[in-house]
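Written out below as structure tokens is the structure these notes cover.
Values quoted throughout were computed directly from the atomic coordinates according to the rules given, and no laboratory measurement underlies them. What you see is a predicted model; the values in this text were computed from it and never measured. Please note: Cβ atoms are built from the backbone with ideal geometry, for glycine as well, and neighbour counts cover all protein chains shown.
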């Protein structure tokens with residue numbers, strides 16, 4: 001384990017469901033990130049949080065809703081997703097927002113049916 | 001905005017032969033450059049980085065990369081590939097003062113026994 005834990009590892013959901021992805025780190029990092037990984041495409045940065053405040057939202061559809069209740073936990077709430085949202089969702093953390101030693105979790109493999 | 005190009009989808013190499021994974025970048029200002037590796041069903045793991053100093057950077061597992069400013073490249077190399085090096089390799093770039101780390105689409109490396 002890297003120190004960043006993501007649950008669940010796999011998730012299958014219908015287009016009308018509501019589900020949440022969870023990310024937890026106990027590395028003492030102050031910045032956390034959500035990335036979307038689709039096959040043969042660059043990793044897409046979705047959200048950036050620094051000290052529980054959202055500092056970047058890269059034009060992500062509102063059906064993805066992040067939440068950062070404290071510096072150790074990050075959630076991604078999912079609602080009325082589309083099949084094209086199926087992907088591997090990766091959480092990462094770093095010491096500060098401009099320190100580049102990212103630590104990644106193993107990801108949640110999401111399938112929307 | 002910064003970006004990374006990894007021109008090859010897959011790199012095949014015989015075990016024991018040299019391995020090269022190509023990366024070119026585009027960024028305003030001085031680049032910070034990174035390589036990450038992803039094994040199946042795992043998150044990204046940090047391999048090495050270039051921030052400043054010597055253009056040849058040595059990283060984990062015998063990998064190294066050379067920063068070439070004139071060619072805007074940061075190719076990853078290993079003198080003798082192992083079967084266990086088979087994985088997905090990502091190049092990433094950022095600029096000082098920018099909290100965005102832009103990844104390429106990844107290169108699948110297959111080392112043939």
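Shielding value for A:38-45 is 5, the average number of Cβ atoms from other chains within 10 Å of each residue's Cβ.
DSSP beta bridges fully contained in the protein assembly as shown are about 90 percent antiparallel.
Ranked for footprinting exposure by Cβ neighbours inside 10 Å, fewest first, A:10, A:77, A:29, B:75 give A:10, A:77, B:75, A:29. Would you please give the FRET efficiency between residue B:69 and residue A:18, computed as 1/(1 + (r/R0)^6) with r the Cβ-Cβ distance and R0 = 35 Å, to the nearest 0.05? Computed FRET efficiency for residue B:69 and residue A:18: 0.10. For the residues of B:33-40, the average number of beta carbons from a partner chain within 10 Å of their own beta carbon is 2. One Cα centroid belongs to region A:87-113, the other to region B:42-57; the line between them spans 18 Å. Cβ crowding within 10 Å, taken as a proxy for footprinting-reagent exposure, orders B:19, B:56 from fewest neighbours to most as B:56, B:19.
Reported to the nearest whole Å, the Cα centre-to-centre distance from region A:7-78 to region B:63-113 is 25. The mean count of C-beta atoms from other chains within 10 Å of the C-beta of residues in B:100-110, rounded to a whole number, is 4.
Note on A:104, B:74: ascending count of other Cβ atoms within 10 Å places them as A:104, B:74, the fewest first.
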